[in-house]
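K.L.:
Provided herewith is a single structure, encoded as structure tokens, for subsequent inquiry.
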Amino acid sequence: FPSHDMRLSGYSGFSDESGYSGESGYSGESGATGGTGGANTGGSGGNGTASSISGTSTTYAGGGGGGSYNTATPGPAGTGGGGAGGHGSAPYGGTGTAGTANTGGGGGGGGANGSGGDNQQSGGAGGSGIVILSYRLPGNANTAIFYTSGSWEAPAGVSSVEYLVVAGGGGELS
């Protein structure tokens, strides 16, 4: 492990999984493509990608479902924290559901309704991101989880660190 202190401060803008001391990290996988919407119907949100870095398999970065128009069906959320699309029911249409916090899931699209002059609602906010570090000390495994900005210094004896960085999901606020 490098002789200097390793510090983590904040995160945003990218997703990366598993880098090792002395080796290059590799780019994390992207989630699945969402479903195609039909006439007035919202498409499904794409499923996210699972990671077991925390010791439990968790899916991150699911896509938000598309909003619907009038009485059509909105799109469901993708697994991994995405929000469902808003329903286009009268009189104003429904707001999309927010993505789940600490998953980077996308917000669902807003629904719209033609009665009263094409009323369209906002999409849901994207879920916040997360940073997880996994490291070994002699005899045990440890994790450090960041839900907000923070810093981390490698304890003495740590020779490698795996990490997962999930940026916040996209969405819309009015």
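K.L.:
Do we find that I130 is at pLDDT 90 or above and either surrounded by fewer than 22 Cβ atoms within 10 Å (Cβ to Cβ) or hydroxyl-bearing (S, T, Y) (or both) in this structure? Can you show your working first?
P.N.:
Details: at pLDDT 90 or above: yes; either surrounded by fewer than 22 Cβ atoms within 10 Å (Cβ to Cβ) or hydroxyl-bearing (S, T, Y) (or both): no.
No, not satisfied.
K.L.:
Still on this structure, please answer the following. Could you tell me whether any residue of the stretch 99-119 is among the aliphatic types (A, V, I, L, M), buried (at least 17 other Cβ atoms within 10 Å of the Cβ) and in a strand (DSSP E or B)?
P.N.:
Within the stretch 99-119, one or more residues are among the aliphatic types (A, V, I, L, M), buried (at least 17 other Cβ atoms within 10 Å of the Cβ) and in a strand (DSSP E or B).
K.L.:
On to the next question. Take the stretch 45-72 and flag every residue that is part of a strand (DSSP E or B), touching a residue at least 60 places away in the same chain (Cβ under 8 Å) and surrounded by fewer than 24 Cβ atoms within 10 Å (Cβ to Cβ).
P.N.:
Answer for the stretch 45-72, where residues must be part of a strand (DSSP E or B), touching a residue at least 60 places away in the same chain (Cβ under 8 Å) and surrounded by fewer than 24 Cβ atoms within 10 Å (Cβ to Cβ): just S51.
K.L.:
Looking at the stretch 140-155, I want the residues that are more than 21 Å from G104 (Cα to Cα) and have a partner that is at pLDDT 90 or above with Cβ atoms under 6 Å, at least 6 apart or on another chain. Which pairs are those?
P.N.:
N142/Y135; W152/A144
K.L.:
With the requirement that a residue be of a type outside the set (A, V, I, L, M, F, W, C), surrounded by 12 or more Cβ atoms within 10 Å (Cβ to Cβ) and assigned to a loop (DSSP other than H, G, I, E, B), what does the stretch 159-174 give you?
P.N.:
In the first step, residues of the stretch 159-174 are kept if they are of a type outside the set (A, V, I, L, M, F, W, C); the result is 159-160, 162-163, 168-172, 174.
Next cut, surrounded by 12 or more Cβ atoms within 10 Å (Cβ to Cβ) only: 159-160, 162-163, 168-172.
Matches in the stretch 159-174: S159, S160, G168, G169, G170, G171, E172.
K.L.:
Take A101 and decide whether it is modelled with pLDDT of 90 or more and under 11 Å from the mean Cα position of the chain (by Cα).
P.N.:
It is true that A101 is modelled with pLDDT of 90 or more and under 11 Å from the mean Cα position of the chain (by Cα).
K.L.:
Next up: Kindly indicate the residue of the stretch 120-158 that is of a type in the set (S, T, Y) and part of a loop (DSSP other than H, G, I, E, B) and also nearest to N102 (Cα to Cα) among those meeting that condition.
P.N.:
Looking at residues that are of a type in the set (S, T, Y) and part of a loop (DSSP other than H, G, I, E, B), I get S128.
The values are calculated or read from the model by the stated rules, or taken from the named source; none is laboratory data. All figures in this text were calculated on a predicted structure; none of them were measured in a lab. So basically every Cβ, Gly included, is an ideal-geometry build from the backbone, and we count neighbours across all protein chains shown.
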